[in-house]
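J.: Encoded as structure tokens, here's the structure I'll be asking about.
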Amino acid sequence: MAILDPIYASPLSVQLIPRVDQNLAGRLNLRPEQHSIGLITADNDDATYVSIDHATKMADVEVVYARSFYAGARHSSGLLSGEILAILAGPNPEEVSAGLAAAVEYLKNDALWYAANADATIMFFPHLISQTGSYLSKISNIPPGSPVAYLVAPPMEGIVALDKALKAAAVSIASLTMPPSETNYMGVILTGDQPACKAAAMAFQDMVLEVASKPMKY
């Protein structure tokens, strides 16, 4: 593997419940019109978060649950657990199935991580979203349809690169996850116009690569 080679996420299990039991619906705080749910586990949490947000733009679904698992995919509780469980809810099986299909397609083809060194022991996620769906908009407290840079890296690389990104473009922090997170990465969602988000993501990428190549610099 070479530096900046893409690293693809994989769905591990995708399940549809056409008509969810009312006890479970209550626990998930479903609205009365939400009768069906779809569940996804995958081997990468942040790739899944952006994928389920994409699903909300492609079908009449809402993300009603999404949580990362502790210690990441390499220490999961089972073969199909991965490092995240996400649940979509919708009015009928057809809409939820469409949402699941959109999420899986995006997860497998668009939500790309990259290697920051030759053996991919350092990986990062410099992801651009031109228009947020309902999920990322809600958790970031920004209007739906906002451009964002969704940036993730290991703690040292990520914090230094975040500072660089903020100085490189007219962006602001909409959401920040400081380490330690469940998977021990740091993550940030930056908001601004599309050119600014792109410039911030590029600056973030450049600094992650610099820290990876020069870990002792002081």
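The values are calculated or read from the model by the stated rules, or taken from the named source; none is laboratory data. Since this is a predicted model, take the numbers as computed values, not measurements. Heads up, the Cβs are rebuilt from the backbone with ideal geometry, glycines too, and the neighbour counts pull from every protein chain shown.
J.: Those residues that are in a loop (DSSP other than H, G, I, E, B) and either at pLDDT 95 or above or buried (at least 21 other Cβ atoms within 10 Å of the Cβ) (or both), I need them from region 170-180; list them, please.
T.: Scanning region 170-180 gives A170, V171, M178.
J.: Continuing with this model, one more query. Restricting attention to region 181-218, which residues are within 15 Å of D46 (Cα to Cα) and surrounded by fewer than 16 Cβ atoms within 10 Å (Cβ to Cβ)?
T.: E182, N184
J.: Checking the condition more than 18 Å from the chain's Cα centre (by Cα), of a type outside the set (S, T, N, Q) and either exposed (fewer than 15 other Cβ atoms within 10 Å of the Cβ) or within 24 Å of M123 (Cβ to Cβ) (or both), which residue from D45, D5 passes?
T.: D5
J.: So which pairs qualify, if the first residue must be in region 41-59 and of a type in the set (F, W, Y), the second must be outside any loop (DSSP other than H, G, I, E, B), the Cβ gap must be under 7 Å, and the two must be at least 6 apart or on different chains?
T.: Y49/A66
J.: Scanning region 185-200 for residues that are in a helix (DSSP H, G or I) and in contact with a helix residue (DSSP H, G or I) (Cβ under 7 Å, 6 or more places away or on another chain), which turns out farthest from N141 (Cα to Cα)?
T.: A199
J.: Checking V61 against (1) β-branched (V, I, T); (2) in contact with an Asp or Glu (Cβ under 8 Å, 6 or more places away or on another chain); (3) within 30 Å of F204 (Cα to Cα), only one condition comes out false. Which one?
T.: (3)
J.: With S36, S51, S68 as the choices, which residue is of a type in the set (G, A, S) and farther than 13 Å from L100 by Cα?
T.: S68
J.: Which of the residues belonging to region 1-54 are among the hydroxyl-bearing types (S, T, Y) and farther than 13 Å from I87 by Cα? Break it down into steps so the answer makes sense when it comes.
T.: Residues of region 1-54 among the hydroxyl-bearing types (S, T, Y): 8, 10, 13, 36, 41, 48-49, 51.
Passing the criteria: Y8, S10.
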